[in-house]
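Here the structure comes first, spelled out in C-alpha cells, and everything after it is commentary.
The values are calculated or read from the model by the stated rules, or taken from the named source; none is laboratory data. Since the structure is predicted, the reported quantities are computational estimates derived from the model, not experimental observations. With ideal geometry, Cβ positions are generated from the backbone for all residues, glycine too; neighbour counts draw on all protein chains shown.
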Amino acid sequence: MPPVFARGEEVEVFYRMGRDEGCYMPVATPSAGSLRPRVGRSDGWMTARVEDDWPPTLPIGTPPAATPERIRVRHTHQYWSNRRGERLDPFDDRDMVLLVAPADVRKPTPGYRPALSVMSVRWGGEQTQFNNEQWGAVSSSVSDDYAEAVLDQTLYGRLGPNYEVVTAFVESGADMRKLSPSTIYPMMNGRHLCALYFLWPVMVQDGSDIEQSGMVNQMDYFATVRGFEAAGVPTRFPHASQLYETLLAKDWQASLCLFPRLRIPPTVVINRSAIIRSPRRAASQVLDALSEVRSMRYDDSHEPLCLRPREGEPRRGVVKLGFAWEAAHVRVYRGEMQLAQALEGLIATPGVESSSLIVQDFCVNQLEIRCFVVNGEIATILYTTFERVDGEGYPRDFLKVDRSAAIHSWLEGDELAMEDAERQAEQLVRTWGTWLRCKSAEPTPAIRIDLLVSRVAPGKAEVHTVELTELGFSMLAWPEGPHRIFTALVETFFSDLEPSADDDVLTSRRVNQPPLAVPLPLAGPIGSVGGGGGGAGGG
C-alpha cells in the first residue's frame, strides 16, 4: 500500500508559533524580520516537503502501534525570524526539519480560504516578571503566556487548523504607528477578520523609566487601532477603540457620578495647568467642585454614611491618574494640604503626559468585591482589600480571602450584610451592562466590575462602583477564569458578518486540548535538544 505522504512530496503544514520554543515565524522578506515592527504569519498553513514516507513500509506482522505518530517534514519557506530579529538558517536541518501531527499536514490546496484571520499585536521587547499569584495562571494580558492561551490553546481548540494569525511585534508607540492596514490587510485571507492587541496604552512618553513590558503611548496605540478599524478589521481584544479609551481614561467616573443607579462617589476632574500654577489653589477648587456635586447628588439627610466624614475630621478622597495599570498612580488624601501634595506628586511623575487628574470622594469600606462578568452574567466574585495606606497615600498590601473569611474578618460575621451587598452587586452589574451597550452596541464578552462594600448597620450594606476593569483584567485565583473568558472571547471573532451554517459548525467544534494552566509540550525540530538551532517547531 503506498504511503499517504511520500518522501520528497510537497505539502502544507499547519504551523503554530506558540508551539516553537524559539517563537520563530515566517516573514515575507529579510527586513520584515530584522526591522521593527517585525511582522509575519505566525500561525497558519505553510509550505513544506516530506522527508520520510508516512506511514513507512513496515515488515509484515508489525503491530499498528509501531507506525510513527508524526510526519517528518522540512519547511521550505526561506525567511524565519523571532521577536528579537534573530533568523533561522534555511540550510540547517536543526532549524528546518521537524515532526508534525498528521492532522496538521495536507496536500497543497490552491484557493484555500481559512474561516478566520487574526491580526495579533504583541510586545517584542524584554518581558517583565509579573506576579502570577495575583494575575492568575495565564499571567498578565501583555505576556506571552496570555497571548498563547488565547491563540494557541483556545482558538486552535475551537477551530483546529482553520484559521491564520498575522503577528506584529512592537517595542514602542513609534512601532505601532508603522503598522499599516494597506500592508497587513492583504495578508488576511479569512472569511472573518479581527484584531487582538496584547498591549497597555499609557499616557507616558516612549522610553520613560516607569514603563513595563507592553506599555505603549496611548496616542500612538489608538491612532493605529482606529486605522485598522477604518479598514474593516474589528478590534476583539480588549475592546473596540471608543469603549476601551473611555475605560482606560476613567472619565466615565466624573461624567456619570450624578446618576444614582450607577453608585459612583462624587468625582471631578482638574486640569494639569491649574495644578502647575498653584497646587494649593487647585486643591481648593477641587474641594469646592466636589461640594457642589455632593449637594446636587445628595442632600444632608441622604448622603451615604460611608461617604460622610466623622464630626470634626476633614473629608478624605482619592486622586487618580487615567491610563494607569496595576493599581499604580492612585493616592488617598485627607484635607486640602494632602490633596495639594497628591495632585502635585502625581502630575510630576516623570514622562506622564496626562492633561488632567481625577479626584473622588473616599468611600469608607470593609472590603472590595470583584465581579467577573462573562456574557452579561456574574460568573464568580472574589473578596479583597488593601490592608493599609502608606505615608504617601498609596494603597498597599493587597489581600484576598474566600467568602466566609471575608464575612468573619471584615463584616463582623454579618452574613446578612454580605447577602445584601451581593444583591446590590447583581443589580449594579445589570445596570453597567446596559451602559456598556450604550458605549459599544456589540456585546462585551467579559469585564470585571469592582465594587466597594460598606457595612452600615446589622444586615445592611452600601455598595459603590470603584472600577470598570477592561478585558485583560487580573483573574487572581479564579481557576476556571481563562477557559470561561477566552471561550466567550473567541465567540465574538465570528460576529463581523451575518452567521452562516458553516460558522455554526465551526463555533460548535471542539478539539481535545490540555487545560489552559498546563504547559503544552513543544514539538521542536529534529536535533534541537542539545543542538544549536532554535527551530521553527510545529504542532
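Does any residue of the range 60-72 turn out to be part of a strand (DSSP E or B) and within 32 Å of the chain's Cα centre (by Cα)? For the range 60-72, residues part of a strand (DSSP E or B) and within 32 Å of the chain's Cα centre (by Cα): absent.
Just so you know, in the range 429-471 the residues that are assigned to a strand (DSSP E or B) and touching a Pro at 6+ places or on another chain (Cβ under 7 Å) include one that is farthest from Ile264 (Cα to Cα), and it is Glu462.
For every residue, the table says whether it meets (1) of a type in the set (A, V, I, L, M, F, W, C); (2) crowded, with 16+ Cβ neighbours inside 10 Å.
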{"residue": "Arg236", "(1), (2)": "no, yes"}
{"residue": "Leu248", "(1), (2)": "yes, yes"}
{"residue": "Ser284", "(1), (2)": "no, no"}
{"residue": "Leu287", "(1), (2)": "yes, yes"}
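Go through Ala231, Ala174, Ala223, Ala168 for me and flag whichever is touching a Pro at 6+ places or on another chain (Cβ under 6 Å), of a type in the set (A, V, I, L, M, F, W, C), in the same structural domain as Val121 (by TED's automatic domain parsing) and surrounded by fewer than 20 Cβ atoms within 10 Å (Cβ to Cβ).
Testing whether each residue is touching a Pro at 6+ places or on another chain (Cβ under 6 Å), of a type in the set (A, V, I, L, M, F, W, C), in the same structural domain as Val121 (by TED's automatic domain parsing) and surrounded by fewer than 20 Cβ atoms within 10 Å (Cβ to Cβ) leaves just Ala231.
If you check Glu422 against the conditions, is it under 27 Å from Arg308 (Cβ atoms), over 25 Å from the mean Cα position of the chain (by Cα) and surrounded by 14 or more Cβ atoms within 10 Å (Cβ to Cβ)? Taking the combined requirement at face value, the residue satisfies it.
Give the range 339-376 a look and list any residue that's touching a Pro at 6+ places or on another chain (Cβ under 9 Å) and farther than 23 Å from Ala289 by Cβ, or say none. Answer for the range 339-376, where residues must be touching a Pro at 6+ places or on another chain (Cβ under 9 Å) and farther than 23 Å from Ala289 by Cβ: Val374, Asn375, Gly376. In the set (1) farther than 30 Å from Arg177 by Cβ; (2) in a strand (DSSP E or B), the condition left unmet by Gly40 is number (1). Of the listed requirements (1) in contact (Cβ under 8 Å) with a residue 12 or more places away in the chain; (2) closer than 19 Å to Pro304 by Cα; (3) surrounded by fewer than 22 Cβ atoms within 10 Å (Cβ to Cβ), Leu452 misses just one: (3). If you take the residues of the range 79-94 that are surrounded by fewer than 22 Cβ atoms within 10 Å (Cβ to Cβ) and among the aromatic types (Phe, Trp, Tyr), which of them is nearest to Pro26 (Cα to Cα)? By that ranking, first place goes to Tyr79. Screening Asp251, Asp299, Asp288 for residues that are of a type outside the set (A, V, I, L, M, F, W, C) and more than 27 Å from Val453 (Cβ to Cβ) leaves exactly one candidate, Asp288. Being among the acidic types (Asp, Glu), under 19 Å from the mean Cα position of the chain (by Cα) and under 21 Å from His192 (Cα atoms) is the requirement here; does Glu480 meet it? Against the criterion (among the acidic types (Asp, Glu), under 19 Å from the mean Cα position of the chain (by Cα) and under 21 Å from His192 (Cα atoms)), Glu480 does not qualify.
If you take the residues in the range 472-493 that are outside any helix (DSSP H, G or I) and surrounded by fewer than 21 Cβ atoms within 10 Å (Cβ to Cβ), which one is modelled with the highest pLDDT? Let's see the steps before the verdict.
At the first step, the residues of the range 472-493 found to be outside any helix (DSSP H, G or I) are 472-480, 493.
Filter once more, keeping what is surrounded by fewer than 21 Cβ atoms within 10 Å (Cβ to Cβ): 476-480.
Values: Leu476: 78, Ala477: 76, Trp478: 88, Pro479: 88, Glu480: 93.
Filtering the range 472-493 for residues that are outside any helix (DSSP H, G or I) and surrounded by fewer than 21 Cβ atoms within 10 Å (Cβ to Cβ), the one modelled with the highest pLDDT comes out as Glu480.
Within the bounds of the range 412-423, is there any residue that is without any contact (Cβ under 8 Å) to a residue 60 or more places away in the chain, farther than 17 Å from Arg370 by Cβ and among the aliphatic types (A, V, I, L, M)? Within the range 412-423, one or more residues are without any contact (Cβ under 8 Å) to a residue 60 or more places away in the chain, farther than 17 Å from Arg370 by Cβ and among the aliphatic types (A, V, I, L, M). Is there a residue in the range 435-447 that is in the same structural domain as Val374 (by TED's automatic domain parsing), among the hydrophobic types (A, V, I, L, M, F, W, C), surrounded by fewer than 19 Cβ atoms within 10 Å (Cβ to Cβ) and more than 28 Å from Arg331 (Cα to Cα)? Yes; the residues of the range 435-447 include at least one that is in the same structural domain as Val374 (by TED's automatic domain parsing), among the hydrophobic types (A, V, I, L, M, F, W, C), surrounded by fewer than 19 Cβ atoms within 10 Å (Cβ to Cβ) and more than 28 Å from Arg331 (Cα to Cα).
Could you please let me know if Glu303 is farther than 30 Å from Arg423 by Cα, free of Cβ contacts under 8 Å to residues at least 40 places away in the same chain and out of contact with any Leu (no Cβ under 8 Å at 6 or more places or on another chain)? So that I can check it myself, show each step before the final result.
Working: farther than 30 Å from Arg423 by Cα: no; free of Cβ contacts under 8 Å to residues at least 40 places away in the same chain: yes; out of contact with any Leu (no Cβ under 8 Å at 6 or more places or on another chain): yes.
Spelling it out, it is not the case that Glu303 is farther than 30 Å from Arg423 by Cα, free of Cβ contacts under 8 Å to residues at least 40 places away in the same chain and out of contact with any Leu (no Cβ under 8 Å at 6 or more places or on another chain).
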